[in-house]
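The values are calculated or read from the model by the stated rules, or taken from the named source; none is laboratory data. A quick note: this is a predicted structure, and the numbers were derived from the prediction, not measured. Positions of Cβ are generated from backbone atoms using ideal geometry, with glycine treated the same way; all protein chains shown enter the neighbour counts. Ligands, DNA and RNA are excluded from the accessible area calculation, which covers all protein heavy atoms including side chains. Shrake-Rupley method; radii C 1.70, N 1.55, O 1.52, S 1.80 Å.
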Amino acid sequence: MQTVWLTGAEWLAVLRIGLGLWWLESWRHKDKRGWFERGTGIAWAADVAGKHKWPAVRSGFDTVVAPRPKLMAYVVVYAELALGLGLIAGFLTPIALVGGLLLNLLYLVLMIHDWAEQGQNAMMALISLVALLAVSWQTWSLDSAIGLF
């Protein structure tokens, strides 16, 4: 495909790298001390889940997250870092794209009442889906360089 300035595959790589930078920024701006030492992130999510209009979200949170808040804080924070780095470098890209898509869908469901949050999560999920289906790791990626996928 011919486009202005870059090829179609290169534009897909730009999209993938941009999504990785978005995840990296999500990780960077988190108050890690608050998340890890004071439990602020999971406490906030517990409050949101507790008021959620869907009972399945409340019970799912109570079953999966509430019993292990410290572990889940580390999972969330470091998943965002791993997604960012993986997408930027193009390493294990399909796995990172599926993981990011699932995390965004989880955030989307948890924050179903907050339309400001929804826009970001919907766009990130859409970019993940496009980058996944368009095989965006074929250009400018470690996956391509070492012959993965």
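Need the list of lysines near Lys32 for cross-linking: C-alpha distance under 23 angstrom, and skip anything on the same chain fewer than eight residues off.
Once the sequence-local lysines are set aside, what remains near Lys32 is Lys70.
Which value, in debye to the nearest 20, gives the size of the charge dipole of the chain about its Cα centre, when Lys and Arg are +1 and Asp and Glu are -1 at the Cβ?
In total the dipole reaches around 400 debye.
Keeping every protein chain present and rolling a 1.4 Å probe, give me the accessible area per residue for segment 108-149 in Å².
Per residue, segment 108-149 has an accessible area of 57 Å².
Which shape class, rounded, prolate or oblate, goes with segment 11-56 when its Cα gyration tensor gives a ≥ b ≥ c as root eigenvalues, a/c under 1.5 marks rounded, and past that a/b bigger than b/c marks prolate?
oblate
Using the Karplus curve 6.51 cos²θ - 1.76 cosθ + 1.60 with θ = phi - 60°, what ³J(HN,Hα) values do you get for each residue of segment 32-41, in whole Hz, with x for Gly and Pro?
Each residue's phi maps through the Karplus curve to give 5, 4, x, 5, 8, 8, 9, x, 5, x Hz.
Projecting each Cα onto the charge dipole of the chain (Lys/Arg +1, Asp/Glu -1 at the beta carbon, about the Cα centre), which of Gly60, Trp137, Val98 comes out farthest on the positive side?
Gly60
At 0.890 mPa s and 25 °C, plugging the Kirkwood radius over alpha-carbon pairs of the chain into Stokes-Einstein gives what diffusion coefficient in µm²/s?
This corresponds to a translational diffusion coefficient of 150 µm²/s.
Taking all protein chains in place and a 1.4 Å probe, what share, in percent, of the accessible surface of segment 1-116 do carbon and sulfur account for?
72
Can you give the helix-only mean residue ellipticity at 222 nm for the chain, where every DSSP H stretch with n ≥ 4 adds -39500 (n - 2.57) and the sum goes over all residues, rounded to the nearest 500 deg cm²/dmol?
Result for the chain, helices only: -23000 deg cm²/dmol.
Quick check: net charge around Leu24, other residues with Cβ under 15 Å of its Cβ, Lys/Arg +1 and Asp/Glu -1?
Net charge around Leu24: +2.
What figure in square angstrom, to the nearest 10, would you give for the accessible area of Asp62 with a 1.4 Å probe?
Number for this one is 100 Å².
From the phi angles alone, apply the Karplus equation (6.51, -1.76, 1.60; θ = phi - 60°) to segment 80-96 and give each ³J(HN,Hα) in whole Hz, x where the residue is Gly or Pro.
5, 5, 4, 4, x, 5, x, 6, 5, 7, x, 10, 6, 4, x, 5, 5
Per residue, what accessible area does segment 1-62 have, given a 1.4 Å probe and all protein chains present, in Å²?
Using a 1.4 Å probe on heavy atoms only, each residue of segment 1-62 averages 63 Å².
Can you grab the distance from the C-alpha centre of segment 64-113 to the C-alpha centre of segment 9-44, Å, no decimals?
If you average the Cα positions of each part, the centres end up 9 Å apart.
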